[in-house]
Amino acid sequence: MKRFISMLLVSVLCLSLAACGDTSSTKSTKNEKLVLGFAQIGQESGWRDAETADIQWYAARNTDTVELHFADAQQDPENQIKAIRSFIDMGVDVIAFAPVIETGWEEVLTECKNANIPVILVDRGIDSGIDDSLYTTMIASDHVWAGEQAAIVMKDLIGNNGVVVELEGTIGASATIQREKGFDDYIAANCPNIQIAARQSGDFTRDQGRDVMASLLASNDHIDGVFAHNDDMALGAIEAIKEAGLKPGEDIKVVSVDGVKSAFEAVLNGELNCTVECTPLLAQQIFDTAFALKDGQTVDKWIVSDDDIYTTDKVTQDIIDGRTY
Ligand code: GZL
C-alpha cells in the first residue's frame, strides 16, 4: 500500500507541475536537487511496468534529493520527442529515455546538446549511424548476447534439426534488431539444419504474441520451437499453442527473454523452457549516473547490465519467491 501511495505521490507531483506549467521550480540554471526528466515508452509489457515502478519508487523514496518528471509516450516516438522538449524547457539537469525505435532522434538530441543537458539512453539504444556524441551513455542489457543465449538453449532443446519460428518485438527497436541478430547469427553459424521458418512481430505484447503464434501454427505444418523476443509474447504464444491442442514446453519448445515473474512461473510449470534475463531494475544505475553527470563527472558510454539464464533445471519456487519483478 505504501508503494502505491508513494508512486501516486510522484505521479501527482509530476502532473501538477506539468498541468499548471509551473516550471519555475526547475528554471534555475543550477538545480539544488537532481532534476531528471524520464520519457518512458509506455506500458506494453510486464517488464516495462517493472522498470517504471523501479524508477518511480526510487524517486518517491528520495524526494529530498531528486525531482522526477515522468512522461508515458504510449509507444509513440513523437510523444517521447515532445516530452524531451518539455524537459529542455523545464531546465532539467539530465534527460533519460528508452528510445522506442532506433531512428529519428538526431534533431531532438541536438537540441539537448545545445541546451547542455546530458542524455542517458535506457534499456534500448539508437541507430549506430547517429553521432554518438548526441548522447552521454546507455544503460542497457546486451541484447545480442541474449539472442545468442536463446539460440544455444534452443539448439540444446530441439537438437541439430528442426523448424523454429521467431516472435519479434517492436519493429525498429534496438532490442528487437539485436536479439534477432544474436539468435539468427548463432543458428546460421552452428545449426545449418535448424530452419527459421517465419519471423513476425508481436510488438512485445502478450495479446499480439498469442495472435501471431496462432497464425503461425495455422500456416506451418510443423513447428519444433518458438523464440519470443520477450516473455509477454512467449506467454501469449503458450496460450495459442494450448488452444491448438499442443503442449507448450514439450510438443513445441518455448524460449524467451526478460525474466519477469510470470515467465518464471511458466518455466516452473514446464510451459516455458527458458527465459534469458534482461533486468528492468535500472533505477539505481540511472540515478547514480545522473548524479555523476550533474556533478560533471564522465561515465562509460555503455553501462551494461549483468544478466543470467533461467532454464527449467534452475528455476525453483524459492527462486521465484526471491524475485523482485
Ligand atoms: C529490453 C526492453 C524490452 C523488453 C520488453 O531492454 O526494451 O521492451 O524486453 C519491453 O519486454 O517491451
- Query: Relative to the first principal axis of the alpha-carbon coordinates of the chain, what is the inclination of helix 46-61, with its axis defined by its Cα atoms, in degrees from 0 to 90 and to the nearest 10?
  - Reply: 30
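Considering only Cα-Cα distances, which of the following residue pairs are longer than 26 Å: Lys253/Lys314; Lys113/Lys294; Lys155/Lys181; Lys113/Lys181? Walk me through the intermediate numbers first.
Numbers: Lys253/Lys314 17 Å; Lys113/Lys294 14 Å; Lys155/Lys181 16 Å; Lys113/Lys181 31 Å.
Check vs 26 Å cut-off fails for Lys113/Lys181.
Would you work out if the stretch 158-242 is rounded, prolate or oblate? Take a ≥ b ≥ c from the square roots of the eigenvalues of the alpha-carbon gyration tensor; rounded if a/c is under 1.5, else prolate when a/b is larger than b/c, oblate otherwise. Could you put the intermediate results ahead of the total?
Details: a/c = 2.15, a/b = 1.16, b/c = 1.86.
Judged from the Cα gyration tensor, the stretch 158-242 comes out oblate (a/c at least 1.5, b/c at or above a/b).
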- Message: Whole-Hz ³J(HN,Hα) for each residue in the stretch 189-195, computed from phi via Karplus 6.51 cos²θ - 1.76 cosθ + 1.60 with θ = phi - 60°, x for glycine and proline: what do you get?
- Response: 7, 10, 9, x, 9, 9, 9
- Using only Cα atoms, locate the centre of the stretch 118-196 and the centre of the stretch 254-292, then give the distance between them in Å, rounded to an integer. 15
- Query: For helix 143-158, what angle does its Cα long axis make with the longest principal axis of the chain, in degrees from 0 to 90 and rounded to 10?
  - Reply: 20
- Between helix 231-243 and the chain: long-axis angle, C-alpha atoms, 0 to 90°, nearest 10: 30
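Order of His143, His222 from fewest to most other C-beta atoms within 10 Å? Don't skip to the answer; put the middle values down first.
Values: His143 26, His222 10.
Going from least to most buried by this count: His222, His143.
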- Task: Using just the helices of the chain, give the 222 nm mean residue ellipticity in deg cm²/dmol: DSSP H runs with n ≥ 4 each add -39,500 (n - 2.57), and the total is spread over all residues, rounded to 500.
- Result: -14000 deg cm²/dmol
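Using mean Cβ contacts within 10 Å as the protection proxy, how do 36-43, 230-237, 253-260 order, highest first?
Those peptides, ordered most packed to least, come out 230-237, 253-260, 36-43.
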- Please arrange Arg124, Arg179 by counting, for each residue, the other beta carbons lying within 10 Å of its beta carbon, fewest first. Arg124, Arg179
- antiparallel share of DSSP beta bridges within the chain, to nearest 5, in %, is 5
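For Trp105, Trp302, which order do you get if you count the other beta carbons within 10 Å of each Cβ and list the fewest first? If you can, show how the numbers build up before the last one.
Numbers: Trp105 23, Trp302 12.
With the sparsest Cβ surroundings first, the list reads Trp302, Trp105.
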- Query: Amide H of Asp142: which non-local residues (sequence gap of 5 or more, or other chain) have their own amide H closer than 5 Å, using H built in the peptide plane?
  - Reply: Ser305
- For the stretch 179-325, what is the convex hull volume of its Cα atoms per residue in Å³? 132
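Computed from the coordinates by the stated procedures, all read-outs in this text should not be read as laboratory data. In this text, all values refer to a predicted model and were calculated from it rather than measured experimentally. A quick note on method: Cβ atoms are made from the backbone with ideal geometry, for glycine too, and the neighbour counts reach across all protein chains shown.
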